[in-house]
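Enquirer: Got a structure for you, written out below as structure tokens; questions coming shortly.
The values are calculated or read from the model by the stated rules, or taken from the named source; none is laboratory data. In this text, all values refer to a predicted model and were calculated from it rather than measured experimentally. Here the Cβ is made from the backbone with ideal geometry for all residues, glycine too, and neighbour counts use every protein chain on show. These area figures cover heavy atoms from the full protein model, side chains too; ligands, DNA and RNA do not enter into them. Shrake-Rupley method; radii C 1.70, N 1.55, O 1.52, S 1.80 Å.
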Amino acid sequence: MKACDGLSLFLLFLHLLPLLQASAIPNADEQEKSLQRLLQATLPPSSSSSSFNLSSPLCSWTRMIRCSSDGAVTGLFLERLGLRGIMPNNTFSSLSSLTQLSLYGNSLQSPIPSELWDLEHLQYVSLSSNLFEEEIGPEKLRKLGKMQRLDLSQNRFFGSVPEEITMLQDLRYLFLSSNNLSGTKKPLTLTLK
């Protein structure tokens, strides 16, 4: 009788497995809405949006977005588009598979949406050449354990460099130049791979 119960449970598991996997894949509609909100909030009306079509499928924005085979956004490259102002909250919440992000060369301002720092799969981030003006607090680095390249240069970040930056064990490149950073509270030893 127990073998039959075990077999029934196993068959039920196999039947439900596709549903369990589907719930782990980010919802394409949510991803698309988040990115549309971001662009609508930061893309000046006078700029040309000919690089992409907001009504076309998200993963077809090939110059700016990389997607996995299951449709999850893994790369977002919104470089030199003339984006201005403040990014809306929850811009990055639905992008849990994001590994690469570049917002280089825009005029984006603080605050950076806090959920960006919760994206545990991030390996490459460039926020360089914007107008971000805030502290790089330790809470922003805690979940970025897979970070390999972090470029925060040419902004207005201030305060001291948090010692938590030494916990980014996969970090290979770190760019903090042209900010208002004051160093660290105590000497840091970074082992860049």
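Enquirer: If the cut-off is a Cα-Cα distance under 15 Å, which aspartates and glutamates reach residue 146, setting aside same-chain residues fewer than 8 apart in sequence?
Expert: Within reach: 118, 120, 164, 170.
Enquirer: Relative to the Cα centre, what is the charge dipole magnitude of the stretch 27-180, using +1 at the beta carbon of each Lys and Arg, -1 at the beta carbon of each Asp and Glu, and rounding to the nearest 20 debye?
Expert: 440 debye
Enquirer: Please report, in cubic angstrom per residue, the volume enclosed by the convex hull of the alpha-carbon atoms of the stretch 99-179.
Expert: About 75 Å³ per residue, rounded to a whole number.
Enquirer: When the Kirkwood hydrodynamic radius is evaluated over all pairs of different C-alpha atoms of the stretch 58-193, what value in angstrom, to one decimal, is obtained?
Expert: Over the stretch 58-193, the inverse of the mean reciprocal pair distance is 15.3 Å.
Enquirer: Give the carbon-plus-sulfur fraction of the accessible surface of the stretch 22-179 in %, rounded to a whole number; probe 1.4 Å, heavy atoms of protein chains only.
Expert: Carbon-and-sulfur percentage of accessible area, whole number: 45.
Enquirer: Counting residues in the stretch 76-121 as N, plug N into 2.2 N^0.38 Å and put the Cα Rg over that result.
Expert: Compactness ratio reported: 1.12.
Enquirer: A further question follows. Could you work out the relative contact order of the stretch 34-160, using alpha carbon pairs under 8 angstrom and six or more residues apart, expressed as a whole percent?
Expert: 20 percent
Enquirer: How charged is the neighbourhood of residue 138? Take every other residue with its Cβ under 10 Å from the Cβ of residue 138, and add Lys/Arg as +1 and Asp/Glu as -1.
Expert: -2
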